[in-house]
Amino acid sequence: MSRPAVVKALWGAAVLVLVAGCSSGGAEDRPGTAPPTSVSATAPPAGSASAAPSGTASAAGRVAVAGTLTEGLKSPWGLAELPGGNLLVSSRDERTITRVDGRTGAKTSLGEVPGVVPGGEGGLMGLAVRDGWVYAYLTAESDNRIVRMRYGGGAGDRLGAPQPVLTGIPKGVVHNGGRIAFGPDGMLYAGTGETGETGLAQDRESLGGKILRMTPEGRPAPGNPSAGSVVYSYGHRNVQGIAWDSAGRLWAAEFGQNTWDELNLVESGKNYGWPEAEGRAGRAGFVDPVAQWPTSEASPSGIAYARGAIWMAGLRGERLWQVPLSGAKLSGDPKAFLTEEYGRLRTVLAGGGGRLWLVTSETDSRGTPEPGDDRILRLELSDGP
């Protein structure tokens, strides 16, 4: 699906006008200043990789769009797979959760989630499923929070009343984070943002600009860096992508400000630098990203791990990045797929049998919607070449 260049240019001009009226780096996928021309010689920028067309091969294999599962979604954000293969998708601005049949794409509304207050980059965002509960990261009147709702069994296609899991996450017009997922340790992880107040990222008493780790009930997880705290790592700007590789290592994608977006290998108690560092800084006390991109080529949201690579959805970049890994390091140059074919890309989720689900994001007020937007695409992965 092509995106006409004239429409793109007009939209880009409009975004520039809007951003000019905001504080620096306000939007999650903002036009940035030109990136520097030189980087660390030991780790070239991921953004230097050229885009690969749909269906072509890379060092970590081949990807192709096998079809559209469903379309006509409004501001889709979170995506979770139910036992049996059906999907749940949240609408950030409509405050609703919809069940999508994993084979036919048929949609069933599960209704509105009470207490959601959409605005700016906030609303009903990340989803996770565990033991008959649907977990949701949402923006409420006074904060961002995580709730859970009973689903299934006697409840059928109705969600139970939301029960608070964790409250008090800072909220803002921008940088609300929003991704949640259960790790291989059975703990619930959440990526948060610093709401544009950069000092929150380095404040270990704040839940903003962090990756959080908690029990399914919302208590600080055993083994966290500080007893009694859900903070797992800090110094993050706006984390919207978290995933684990086959060895159980945690990876996270986050938005930079004007120069570099990042893919980080996240370890307990480590400081990822914001606002003192953006991208690779080589400074003591800060962890450098494993890969980085100019902000025009990424603005990353969701990530997933499959076939030896991290797959990263790009909003402003309008492409799907494949980051091949060998353990904790890159095993080759990252490659871009689907560049400007489906517009802004919000969420990617690994399914079974070498499959990815990919959610577009053209109806979130920053895209240029075409008939059928937004949609969930079915991607097939295979060994290449």
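Points worth noting:
- Rounded Å value of the spacing that divides the Cα centres of the stretch 306-373 and the stretch 68-134: 18 Å
- In a fully extended conformation the segment linking residue 71 and residue 215 would gain 48.4 nm over its present Cα-Cα distance, using 0.36 nm per residue.
- Residue ranking by accessible heavy-atom surface, 1.4 Å probe, largest first, among 296, 233 comes out as 296, 233.
- Global size of the stretch 140-218 as Cα Rg and Dmax, reported in angstrom: 14.1, 46
- The GluC sites (Glu not before Pro) of the stretch 177-236 that DSSP puts in a loop, and whose beta carbon has at most 13 other beta carbons within 10 Å, are 205, 217.
- Ranked order, 364, 101, 131 - accessible area, probe 1.4 Å, largest first: 131, 101, 364
- Kirkwood hydrodynamic radius of the stretch 197-273, from the reciprocal of the average inverse Cα-Cα distance over all distinct pairs: 12.9 Å.
- Accessible carbon and sulfur surface of the stretch 296-385 relative to its total accessible area, %, 1.4 Å: 43 percent
- Under the shape rule built on the C-alpha gyration tensor, where the axes satisfy a ≥ b ≥ c, the stretch 198-327 is oblate, since a/c reaches at least 1.5 while a/b does not exceed b/c.
The values are calculated or read from the model by the stated rules, or taken from the named source; none is laboratory data. The model shown is predicted, which means the values in this text are computed figures rather than measured ones. Glycine also receives a Cβ, built like all others from the backbone with ideal geometry; neighbour counts cover every protein chain displayed. Remember, those area values only see protein heavy atoms, side chains included, never the ligands or the DNA or RNA. Shrake-Rupley method; radii C 1.70, N 1.55, O 1.52, S 1.80 Å.
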